[in-house]
Amino acid sequence: MDSNTWLLEASTRMVVSGIQNLNYHTSACLRRLWKQYKHDHAIPSSSTVTTSVYQFAICEETGNIVSFAYRSVHDFESEQLQYGTGVKPECQILDGDLLQTIPVMMNEQRAIQATYSHPERIHIGGEMIAHYLTSSMYQCFKIGEFEDFRTQGEYILSRI
């Protein structure tokens, strides 16, 4: 299940009044989409393939930023996350300007993941995109790209 599937579902097939209302409906919808994804891609029920979805928004009830995680390993049950910086996969969370530290942290994540065998490894690459949310605006912008972004892109395109 890719992020576009959930985005399309939430934005075109649902009418919600805010993040709390969306949270109410999310688990059941993600279960349905995950079941369909596994069927469409012939992923057996015994597979260790997993996915997680994270949602962040300004709460319509409190005006504060709230975050939720929905993990296939927990049947997409809603998990409210604490406010703050979170990372996945693991790395050291650095102090300072996040726009400066995110690329450093992502390179550390990539180095850590490179030590894992294929089934456990999370592949990190491409562009680094920041999402910035305040009560009055939302911005999405590129803050960098990995040094092999172009060569990996060319490799992927050559295999099509």
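The values are calculated or read from the model by the stated rules, or taken from the named source; none is laboratory data. Please read all numbers here as calculations on a predicted model, not as lab measurements. Here the Cβ is made from the backbone with ideal geometry for all residues, glycine too, and neighbour counts use every protein chain on show. Just the protein is used for accessible areas: all its heavy atoms, side chains included, with ligands, DNA and RNA removed. Shrake-Rupley method; radii C 1.70, N 1.55, O 1.52, S 1.80 Å.
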query: Looking at region 48-70, which of the residues that are open to solvent by 50 Å² or more (accessible area, probe 1.4 Å) and within 14 Å of the chain's Cα centre (by Cα) is nearest to Asn4 (Cα to Cα)?
result: Tyr54
- prompt: Out of all the residues in region 13-33, which are under 19 Å from the mean Cα position of the chain (by Cα) and of a type in the set (Val, Ile, Thr)?
  reply: Ile19, Thr26
query: Is it true that some residue in region 59-74 is at pLDDT 95 or above, out of contact with any Phe, Trp or Tyr (no Cβ under 7 Å at 6 or more places or on another chain) and assigned to a loop (DSSP other than H, G, I, E, B)?
result: no
query: With respect to Ile122, is the statement that it is in a strand (DSSP E or B), within 26 Å of Leu30 (Cα to Cα), without any contact (Cβ under 8 Å) to a residue 40 or more places away in the chain and open to solvent by 50 Å² or more (accessible area, probe 1.4 Å) true?
result: no
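Per-residue answers, yes or no, for (1) assigned to a loop (DSSP other than H, G, I, E, B); (2) modelled with pLDDT of 95 or more; (3) open to solvent by 80 Å² or more (accessible area, probe 1.4 Å):
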{"residue": "Met1", "(1), (2), (3)": "yes, no, no"}
{"residue": "Ala10", "(1), (2), (3)": "no, no, no"}
{"residue": "Met14", "(1), (2), (3)": "yes, no, no"}
{"residue": "Ser17", "(1), (2), (3)": "yes, no, yes"}
{"residue": "Arg31", "(1), (2), (3)": "no, yes, no"}
{"residue": "Gln36", "(1), (2), (3)": "no, no, yes"}
{"residue": "His39", "(1), (2), (3)": "no, no, yes"}
message: Looking at the structure I just gave you, is Glu79 out of contact with any helix residue (DSSP H, G or I) (no Cβ under 9 Å at 6 or more places or on another chain) and either surrounded by 12 or more Cβ atoms within 10 Å (Cβ to Cβ) or at pLDDT below 90 (or both)?
response: yes
